[in-house]
């Protein structure tokens, strides 16, 4: 299972890196502010980078949650119910009566993970706990990961709107390859360290 999670991460991170390469070809040589249509390729790479991290974390959770402690599983909602309601009654179980407990648990895990998001590093910590990975081992990468997550939020929810009004500022927040590549490197190092701790 871990091999498949690794392969998926490597495929997705390559897609991110290809977007950065495509931007480099678009922008050409020289200095100065780039066109919004060019830098939007970098913004797309940030969104894809975040999706890559989320897919990695979901894959690890999908692998480990079925074997989790009762305490951890008690925090999962029943499939088909609201995600914030953790207690359920016998009546709610009747629509699942043809399923085995194992199947119901599997579907509830899938439902939970399909609705899981990792928008800040605090959201990553429960996954590390589930895996038995000491947070201190990967915490050096949290600052860059948090910056990438914050920027992805600005891109997705505010179209990366420029918050500083006035002459000299572009229509969107500035972004460049150095910034994006530092986030890519941090997430690759985070993934490598997590995998090392699991093998």
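The values are calculated or read from the model by the stated rules, or taken from the named source; none is laboratory data. Just so it is clear, the model here is predicted, and its values are computed rather than measured. All Cβ positions, glycine included, derive from the backbone under ideal geometry; neighbour counts span all protein chains shown.
Observations, loosely collected:
- Within segment 109-125, the set of residues being surrounded by 14 or more Cβ atoms within 10 Å (Cβ to Cβ), over 16 Å from residue 78 (Cβ atoms) and either at pLDDT below 90 or within 12 Å of the chain's Cα centre (by Cα) (or both) comprises 118, 119, 120, 121, 123, 124.
- When 144, 176 are checked against the criterion of being touching a residue at least 40 places away in the same chain (Cβ under 8 Å) and surrounded by fewer than 16 Cβ atoms within 10 Å (Cβ to Cβ), 176 stands alone in meeting it.
- Cβ pairs under 6 Å, 6+ apart, first in segment 1-29 and more than 20 Å from residue 186 (Cβ to Cβ), second not in a helix (DSSP H, G or I): 27/34
- Among residues of segment 127-150, those that are part of a helix (DSSP H, G or I) and on the phi > 0 side of the Ramachandran plot, counted: 0
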